[in-house]
Amino acid sequence: MIKILLRNILRIIILVLLQVFILNNVQFSGFVNPYFYVLFILLLPFETPGWLLLGLGFVLGLSIDLFANTPGLHASATVFMAFIRPAVLGYFAPRDGYVPGTFPRIYYYGFSWFFQYSAILILAHHFFLFYIEVFRLSDFFHTFTRVILSAAFTLLLVLISQYFIYRK
Amino acid sequence: MRNLLRFILSNHFVLLFILFETIALILVFQKNNYQNAIAFNISRNISGYINTKTHSLREYLSLREANIALHEENRVLRNELFSSYKSQVPLAEDIEFEEAWERRYNYIPARVISTSVNKQNNFMSLDKGSVHGIEPDMAVVSGSGVVGVVTGVSDNFSTVLPLLNIDLRISSKLKDTGYFGSLYWDGRDPTKATLTDIPHHVTLNSGDSVVTSGLSAIFPEGIMVGTITDFEIAGGNFWSVNVSLATDFRKLNHVYVIQDLFRDELLELERAEGYD
């Protein structure tokens, strides 16, 4: 239990620093900005209680906001993502439920499961984030392209990280 | 009461979601209040400190380009110097420069310690603050052109609303003809902006310079904004002009904050006359 707690605290710090100092400076032609920090929400244990999930989402988003000078923007998107995570997990649950002691990772539930699970959550997060940021519908398809490309890039990073860093 | 408690307990997930989301969205849409919020002022000092450290590395990597740009700027300034001119009127040399002119603008040098170009509402932080004389609503320029407006100031750092923010509009004019309009960024390409409100009968050429109009109390007149790339008729009788920005926001290091020494006097007069 303590081990899981420490691992998650370390993970949130590393992801925020990585996002703020490296990924926020990445930009390809004004379209692609990966928001890799959502990996933290993706990898939280299945048993995480709802209030903690939302609280962590809020804290994570707000700490990104502090550095990016966008108060509330990332917090709102991350809270939204945390909110729909239990529903997505329920939808993709195996027939006999999730085995206690396992985590939502490729290692336990396979590539196809993890791909669908993270793709839906990342898309939800990015849609919320980009449309709240623009807050108008006049450039709907421009924003749409940004969402899809950025989400694809974030997903790629998330999948790669599963094979490199979180190999059991 | 018990029913209410049971309702809250059984729906705590949804209620908590609504609570967090409301707080976050209030933060998003209350842009002016957060600038003054103490929490963000503290965070500005902390993140400013960290950003300074990481920025010094990035700055080192672009030293060569920064040097060339500063060298070029020096060349232009040296050519403008009073001592570079020879008087054509016999007695003009007798008039002391200081007697005829009074300083209006004071340039404070600053370095950009964090910036972004990939969002709709980009922000920028500078490594100078109120102890260096910087105040909100001062203009920020680079060696090549307009950068933005100071919005928030802490003791040692300040935040800037750059031109690459869909909330900022800058009053600009055509250098040749003097017709003025409003320039804004449309949130797409960090090298381009749009100039509107130029009447249709004005003749435009691609390559024409666009400079600040000096009609707002923020920017001095005649600071380079960019050059016209192309233009089309927008709705009504106005041109919609695409302007290629003079400042490259993707590699911005050294900027100047412009202090207008007559600003208070001007604003006071305008307030007394019932402007605003």
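The values are calculated or read from the model by the stated rules, or taken from the named source; none is laboratory data. What you are looking at is a predicted structure, and each value in this text was computed from that prediction instead of being measured. Note that we place each Cβ from the backbone using ideal geometry, even for glycine, and neighbour counts take in every protein chain shown. Side chains included, ligands, DNA and RNA excluded: accessible areas come from the protein's heavy atoms. Shrake-Rupley method; radii C 1.70, N 1.55, O 1.52, S 1.80 Å.
For residue B:116, the residues whose modelled amide H falls within less than 5 Å of its own, excluding neighbours fewer than 5 places apart on the same chain, are B:123. Cross-link pairs exceeding 32 Å in C-alpha to C-alpha distance, out of B:53/B:175; B:86/B:175; A:3/B:251; B:53/B:192, comprise B:53/B:175; A:3/B:251. Within straight cross-link reach of residue B:173, meaning Cα distance under 19 Å, which aspartates and glutamates are found once same-chain residues fewer than 8 apart are removed? Once the sequence-local aspartates and glutamates are set aside, what remains near residue B:173 is B:186, B:197, B:208, B:221, B:230, B:232.
Counting Cα-Cα pairs of the protein assembly as shown in 10 Å increments starting at 0 gives whole-percent bin shares of 4, 17, 26, 23, 15, 9, 4, 2, 1, 0, 0. Taking amide H atoms as placed 1.01 Å from N in the peptide plane, the amide H of residue B:231 lies under 5 Å from those of B:242, each 5 or more residues away in sequence or on another chain. Just the protein heavy atoms count here, and of the accessible area of chain B at 1.4 Å, carbon and sulfur take up 56 percent. Note on chain B: Cα convex hull, mean projected area over all directions, 23.0 nm².
The alpha-carbon of residue B:128 sits under 18 angstrom from the alpha-carbons of these aspartates and glutamates, leaving out residues fewer than 8 places away in its chain: B:59, B:137, B:155, B:260. For residue B:192, nonlocal amide neighbours, meaning residues 5 or more places apart or on other chains whose placed amide H falls under 5 Å from its own, are B:245. Cα gyration tensor of the range B:169-248, axes a ≥ b ≥ c as square roots of the eigenvalues: rounded (a/c below 1.5), prolate (a/b > b/c) or oblate? It comes out rounded by the Cα gyration axes. Radius of gyration over Kirkwood radius for the range A:37-140, both on Cα atoms: the Rg/Rh ratio is 1.01. Chains A and B together bury some 3200 Å² of accessible area, summed over both sides, with a 1.4 Å probe.
The trypsin sites (Lys or Arg not before Pro) of the range A:7-101 meeting both criteria, a DSSP state outside H, G, I, E and B (loop) and at most 15 other C-beta atoms within 10 angstrom of the site's C-beta, are A:95.
Charged neighbours of residue B:135, selected by a Cβ distance under 14 Å, balance to -2 (K, R count +1; D, E count -1). Calculated accessible area for the protein assembly as shown comes out at 54 Å² per residue, all protein chains present (probe 1.4 Å; ligands, DNA, RNA ignored).
Of the accessible area of chain A, computed with a 1.4 Å probe over protein heavy atoms only, carbon and sulfur atoms account for 76 percent.
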